[in-house]
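Peer 1: Handing you a structure now.
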Amino acid sequence: MAEHLASIFGTEKDRVNCPFYFKIGACRHGDRCSRLHNRPTISPTILLSNMYQRPDMITPGLDPQGQAIDPRKIQEHFEDFYEDIFEELSKFGEIESLNICDNLADHMVGNVYVQFKEEDQAAAAVQALQGRFYSGRPIIVDFSPVTDFREATCRQFEENSCNRGGYCNFMHVKQIGRELRRKLFGRYRRSRGSRSRSRSSSPQHHRRDSDRRGGDFRDRGGDYRGNGRRGGGRHGRHEGDGGRRRHGSPRRARSPIREGSEERRARIEQWNREKEQNQ
């Protein structure tokens, strides 16, 4: 019986746990859902609910006054926001993916999903963002159960064939340009390359540096303006409140394969052997 329950967990056959919350970290029924929402107490992924406010929020393609908006201006607005959020949250650790929903349903509109490399980095971000504001609106941040965005995204949307439009119950992930993606995520590839060249000579020094980076974050508590490429986050800002109570490839956000504990132990043993040989 236990094996059967484990095999159907998070699927449509599971009559106890909500499959939509398990897959996308959101459910249109919210707290009124007849199935359980198992909210994680720790996760590498955090959710900033309803955070992105697109300029054509009321009517797609039109501003609040009913005037048509140039699609290039909408994309520019989005990329400014994306870079602003990336620069702020990268202070907590390496970001593996940052996905922003283009859906229109209330439980998904403007949702920002940020997946960090390590769970403790996500925990530091959640703690620091509590009680802060962005563009005059409170930030709602929680851990998300989503770790595999391949299961959360709408494949029909990626192929421009989703007939549900913005009210689809799977993620319609809004894409950034290739140049911006290379600029933001390319820093990690360069950093990994430099670290791999230094591992054989000093693995222990590399680990000490990693520990220092992971535990030295301080929330300054003041206003934040990201140093964006088009004027530094003119569409919003983070604000301290003094205690008052969002893809791996341009087409699809793929969740990276994480290294297991056995692989890590083997890699450490290899470092030690190389160190002894060099001595």
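The values are calculated or read from the model by the stated rules, or taken from the named source; none is laboratory data. Source: prediction; values computed, not measured. Because the Cβ atoms are built from the backbone with ideal geometry, glycine has one as well, and the counts that use them run over all protein chains shown. To get the accessible areas, we keep the full protein, side chains included, count just its heavy atoms, and leave off ligands, DNA and RNA. Shrake-Rupley method; radii C 1.70, N 1.55, O 1.52, S 1.80 Å.
Peer 1: Using the Karplus curve 6.51 cos²θ - 1.76 cosθ + 1.60 with θ = phi - 60°, work out ³J(HN,Hα) for each residue of the range 137-142 in order, rounded to whole Hz, and write x for Gly and Pro.
Peer 2: Using θ = phi - 60°, the values come out as 10, x, 7, 9, 10, 8 Hz.
Peer 1: At a 1.4 Å probe radius, which order do 96, 159 fall into by accessible area, largest first?
Peer 2: Putting 96, 159 in descending order of accessible area: 159, 96.
Peer 1: At a probe size of 1.4 Å, how large is the accessible area of residue 142, to the nearest 10 Å²?
Peer 2: Rounded to the nearest 10, the figure is 80 Å².
Peer 1: Take the alpha carbon atoms of the range 65-83, find their center, do the same for the range 109-139, and report the distance between the two centers in whole angstrom.
Peer 2: Distance between centres, Cα-based: 23 Å.
Peer 1: Let me ask something additional. Run the accessible area of the range 46-90 with a 1.4 Å probe and give the carbon-and-sulfur part as a rounded percent. Don't skip to the answer; put the middle values down first.
Peer 2: Details: 1070 of 1980 Å².
With neighbouring chains kept in place, the figure for the range 46-90 is 54 percent.
Peer 1: May I ask which residue of 62, 50, 75 lies farthest towards the positive end of the charge dipole of the range 32-85, with charges of +1 (Lys, Arg) and -1 (Asp, Glu) on Cβ and the Cα centre as origin?
Peer 2: 50
Peer 1: Next question. Skip the ligands, DNA and RNA, and give the accessible area per residue of the range 135-190 with a 1.4 Å probe, whole Å².
Peer 2: Spelled out: the 1.4 Å probe surface of the range 135-190, per residue, equals 57 Å².
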